[in-house]
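Asker: Take a look at the following structure, please.
The values are calculated or read from the model by the stated rules, or taken from the named source; none is laboratory data. All of these numbers come straight from a predicted model, not from anything done at the bench. Note that each Cβ is placed from the backbone with ideal geometry, even for glycine, and that neighbours are counted across all protein chains shown.
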Amino acid sequence: MGKNKKHIPIRTCISCGVKRNKDGLIRLAVDQDRLVVRDPLYRLPGRGAYVCSNESCLKKVLKNKRLKKIFRIEENVGVSIEV
């Protein structure tokens, strides 16, 4: 990398597996109430997961019940995301 080039973080969508830069994906995180919420400022503490902004990827993640495994939580987690 040259001195004038900035690092661009690459993340993977948990639904379809597409790799994009961080700004092209939505970050999901678990808040203190154990709800999965959108993190528009990329600032919530803890483990985060990224998903494409298209409706099909969001629906697939919510329907698939993989959030428990992705966020490494043993109990059930609520979802506070509107599609």
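Asker: It is to be established whether one or more residues within segment 7-20 are in contact with a Pro (Cβ under 8 Å, 6 or more places away or on another chain) and of a type in the set (K, R).
Answerer: The answer is no, given that none of the residues of segment 7-20 is in contact with a Pro (Cβ under 8 Å, 6 or more places away or on another chain) and of a type in the set (K, R).
Asker: Test V36 against the criterion of being in contact (Cβ under 8 Å) with a residue 40 or more places away in the chain, surrounded by 13 or more Cβ atoms within 10 Å (Cβ to Cβ) and not basic (K, R), and give yes or no.
Answerer: Taking the combined requirement at face value, the residue satisfies it.
Asker: Let me ask something additional. Of the residues that sit in segment 4-15 and are of a type outside the set (S, T, N, Q) and not in a strand (DSSP E or B), which one is modelled with the lowest pLDDT?
Answerer: K5
Asker: Can you tell me how many residues in segment 16-54 are assigned to a loop (DSSP other than H, G, I, E, B) and closer than 14 Å to V79 by Cβ?
Answerer: Of the residues in segment 16-54, the ones assigned to a loop (DSSP other than H, G, I, E, B) are 16-18, 31-34, 39-47, 53-54.
Next, from what is left, pick out any that are closer than 14 Å to V79 by Cβ: 31, 33-34, 39.
Matching residues across segment 16-54 total 4.
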